[in-house]
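Trainee: This structure is in structure tokens; I'll ask about it shortly.
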Amino acid sequence: MIVRLLRYGLMAWLVALAIPCRAAPEDGAINAVYVELARARTANDVAGMSGAFAAEGLLIDSRPGPPISGGELAARLQPMRDRLVADGRRIDTQYRVERRSVMGDLAVDAGFMRQSVVRPDGQSQVRYARFLVTMRRESDRWRIIADASMPATEEAWNAVVPGEGRQFDS
């Protein structure tokens, strides 16, 4: 199953590189996934964060560790959420989608994420990541079936410009 998801993600990514970006009718619904993820992270809402992923989805995080399936994501996030709440911290997240390709019921986004862990005193630690997300349209919404990220820089984040129909900050 993991090999199949990676194969779909790779095929979608290759197609994404070949197709120029333009607004698609699905943009609003796809962007809503990022808006909901950002809201859920700020609210420490584990169900909201994990609900963006299909159960068979795959998350390959830029931090060390094995890939996580969508089905096991909530269990992995709960201890982090508990630690954040105990420490009085929150996470502010923004997304900038640089490229999007929609092919029927599949969408591939390449972009950047900025995450700030904000302490009670207002100080924050910022992390940047470059991501490649593949989503699938389901009956009720778009869900992430593959999400891979790697570390990025503030300079790369700042270089992304808004594009028609693509999520740009949350």
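The values are calculated or read from the model by the stated rules, or taken from the named source; none is laboratory data. Note that the structure is predicted; figures quoted are calculated from it, not measured. Note: ideal-geometry Cβ built from the backbone for every residue, glycine included; neighbour counts use all protein chains shown. Remember, those area values only see protein heavy atoms, side chains included, never the ligands or the DNA or RNA. Shrake-Rupley method; radii C 1.70, N 1.55, O 1.52, S 1.80 Å.
Trainee: How many residues are free of Cβ contacts under 8 Å to residues at least 24 places away in the same chain and closer than 13 Å to Tyr95 by Cα when one looks only at segment 132-158? Step through it out loud before you land on a result.
Mentor: Initial filter on segment 132-158 (free of Cβ contacts under 8 Å to residues at least 24 places away in the same chain): 139-140, 155, 158.
Right, trim to closer than 13 Å to Tyr95 by Cα and you get 158.
Going through segment 132-158 one residue at a time, the tally reaches 1.
Trainee: Just to verify a result, which residue in segment 37-61, among those that are of a type in the set (Gly, Ala, Ser) and either open to solvent by 50 Å² or more (accessible area, probe 1.4 Å) or assigned to a loop (DSSP other than H, G, I, E, B) (or both), is nearest to Arg143 (Cα to Cα)?
Mentor: Ala52
Trainee: Right, another one. Report yes if Ala32 is under 15 Å from the mean Cα position of the chain (by Cα) and part of a strand (DSSP E or B), otherwise no.
Mentor: Against the criterion (under 15 Å from the mean Cα position of the chain (by Cα) and part of a strand (DSSP E or B)), Ala32 does not qualify.
Trainee: Looking only at segment 62-80, which residues are farther than 16 Å from Ala129 by Cβ and assigned to a loop (DSSP other than H, G, I, E, B)?
Mentor: Pro66
Trainee: Filter segment 127-139 down to the residues that are of a type in the set (Gly, Ala, Ser) and either open to solvent by less than 10 Å² (accessible area, probe 1.4 Å) or within 16 Å of Glu98 (Cα to Cα) (or both) and list them by number.
Mentor: Passing the criteria: only Ala129.
Trainee: Any idea how many residues of segment 140-168 are open to solvent by 60 Å² or more (accessible area, probe 1.4 Å), under 16 Å from the mean Cα position of the chain (by Cα) and not hydrophobic (A, V, I, L, M, F, W, C)?
Mentor: Number satisfying all stated conditions: 2.
Trainee: Another question, if that's okay. What's the number of the only condition in (1) under 26 Å from Glu26 (Cβ atoms); (2) modelled with pLDDT of 95 or more; (3) open to solvent by 30 Å² or more (accessible area, probe 1.4 Å) that Met113 fails to meet?
Mentor: (3)
Let's see how each residue does on (1) assigned to a helix (DSSP H, G or I); (2) open to solvent by 70 Å² or more (accessible area, probe 1.4 Å):
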site: Arg83; (1), (2): yes, yes
site: Ala86; (1), (2): yes, yes
site: Thr93; (1), (2): no, no
site: Arg99; (1), (2): no, yes
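Trainee: Please go through (1) within 18 Å of Asp45 (Cα to Cα); (2) in contact with a strand residue (DSSP E or B) (Cβ under 6 Å, 6 or more places away or on another chain) for Arg100 and return the number of the only condition it doesn't satisfy.
Mentor: Of the numbered conditions (1) within 18 Å of Asp45 (Cα to Cα); (2) in contact with a strand residue (DSSP E or B) (Cβ under 6 Å, 6 or more places away or on another chain), the odd one out for Arg100 is (1).
Trainee: Take the conditions surrounded by 12 or more Cβ atoms within 10 Å (Cβ to Cβ), closer than 18 Å to Arg41 by Cα, in contact with an Asp or Glu (Cβ under 8 Å, 6 or more places away or on another chain) and not small (Gly, Ala, Ser) and apply them to Gln78. Does it pass?
Mentor: no
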